[in-house]
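Below is one structure, written out as structure tokens; the observations come after it.
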Amino acid sequence: PAFKATVLTLFPEMFPGPLGHSLAGKALKDGLWSLETVDIRAHARDKHRTVDDTPFGGGAGMVMRPDVVDAAITAAHPGEGPLIYLTPRGEVLRQPRVKALAKEPAVTILCGRYEGVDQRVLDKHNALEISIGDFVLSGGEAAAITLLDAVVRMVPGVVGKTESLEDESFETGLLEYPLYTRPQVWNDVPVPDVLMSGHHANIDKWRRQQAEDITRQRRPDLWSGYVAAQKQEQEGQ
Ligand code: SAM
């Protein structure tokens, strides 16, 4: 496969989960990417298979032990691509990072549980820390599924030519324009006239205007980036 994912987790039974269905699932079956899980608990050394312990310095919760996590990483790490640790403390995931990861031959993803993972094992393996947003999940598995869903659809061949990636949210620096399909009148609401006109230049103009309005209203952060890029483009001409 062009892209190999390995997930280190205390819950291997959660995979492939949603990744086994639809677009990602078909691509998995077709061998466009591969998914392996490593059960972290299988690398515990004592008879109780302990993977966590109390934090030095006190405080609530438990911390995943560095020796156990290290053994799992060593068993799994194919030596290619980054080791990703999913954590609310990480770089917030955005489309440019998603695209960069899709170009890697492989990624290894470490899912945390409890309060997280002992810092020393993250440092030893130079982990790339990624967050899927400013909120706290109970474990890294849902984040791993989210990250892989986004990355796999950027792996060449996974999304067919009919489902264009070019017009999507973030590609143009804008959020997507509103979408409509049949019936033409639904719930007494007709589809906007311009979309029925067959006039492609006008349709493009309308869509761009809608995308700009939505982005300006909802995401001032994206909007200022878009305005700056437009300005640069004009100055460059
Ligand atoms: N004590 C951590 C903190 O305050 O940052 C939160 C730990 S959380 C309860 C348990 C695990 O869920 C984390 O180790 C991480 O792997 C995962 N996780 C939680 N929120 C996440 C997010 N926003 N992005 C990525 N992973 C997350």
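Would a scan of the stretch 136-149 turn up a residue that is hydroxyl-bearing (S, T, Y) and outside the structural domain of D67 (by TED's automatic domain parsing)? No, the conditions are met nowhere in the stretch 136-149. Restricting the stretch 1-30 to residues that are within 15 Å of V107 (Cβ to Cβ) and among the polar types (S, T, N, Q) leaves a set whose member that is nearest to the chain's Cα centre (by Cα) is T6. Among the residues of the stretch 175-196, is any modelled with pLDDT under 95, over 22 Å from A211 (Cβ atoms) and either in contact with a strand residue (DSSP E or B) (Cβ under 8 Å, 6 or more places away or on another chain) or of a type in the set (G, A, S) (or both)? Within the stretch 175-196 (the criterion being modelled with pLDDT under 95, over 22 Å from A211 (Cβ atoms) and either in contact with a strand residue (DSSP E or B) (Cβ under 8 Å, 6 or more places away or on another chain) or of a type in the set (G, A, S) (or both)), the answer is no, since none of the residues qualifies.
May I ask you to list pairs of residues, at least six apart or on different chains, whose Cβ atoms are under 7 Å apart, with the first in the stretch 80-106 being farther than 16 Å from A142 by Cα and the second being aliphatic (A, V, I, L, M) and modelled with pLDDT under 95? Final answer for the pair search is none. Evaluating L23 against the criteria (1) modelled with pLDDT of 95 or more; (2) farther than 29 Å from G173 by Cα leaves one unmet condition, (2).
Of the residues making up the stretch 31-49, those that are touching a residue at least 12 places away in the same chain (Cβ under 8 Å), over 18 Å from the mean Cα position of the chain (by Cα) and farther than 18 Å from R120 by Cα are G31, V38, D39, R41, A42, R45.
Between G157, G133, G198, the distinction of being of a type in the set (G, A, S), in the same structural domain as G58 (by TED's automatic domain parsing) and either closer than 30 Å to P1 by Cα or more than 16 Å from the ligand (Cβ to nearest atom) (or both) belongs to G133 only.
Step by step: first the residues of the stretch 1-46, then only those that are charged (D, E, K, R) and assigned to a helix (DSSP H, G or I), then the one that is surrounded by the most Cβ atoms within 10 Å (Cβ to Cβ). Which residue is that? Looking at residues that are charged (D, E, K, R) and assigned to a helix (DSSP H, G or I), I get R41. At least 1 residues being more than 25 Å from A27 (Cβ to Cβ) is the threshold, and among the helices (runs of 4 or more DSSP H) wholly inside the stretch 47-166 those reaching it are 66-76, 119-124.
Sub-6 Å Cβ pairs linking a first residue in the stretch 57-72 that is buried (at least 19 other Cβ atoms within 10 Å of the Cβ) to a second residue that is at pLDDT below 95 and assigned to a strand (DSSP E or B), at least 6 apart or interchain, number zero.
Residues that are more than 31 Å from the chain's Cα centre (by Cα), assigned to a helix (DSSP H, G or I) and loosely packed, with under 11 Cβ neighbours inside 10 Å within the stretch 188-237 comprise D193, H200, A201, Q234, E235, G236, listed in sequence order.
Inside the stretch 104-123, residues that are away from the ligand (no atom under 12 Å from the Cβ), more than 24 Å from W33 (Cα to Cα) and surrounded by 14 or more Cβ atoms within 10 Å (Cβ to Cβ) make up a count of 1.
The values are calculated or read from the model by the stated rules, or taken from the named source; none is laboratory data. The structure displayed is predicted, hence computed values, not measured ones. Quick reminder, even Gly has a Cβ in these numbers, built from the backbone with ideal geometry, and neighbours come from all protein chains shown.
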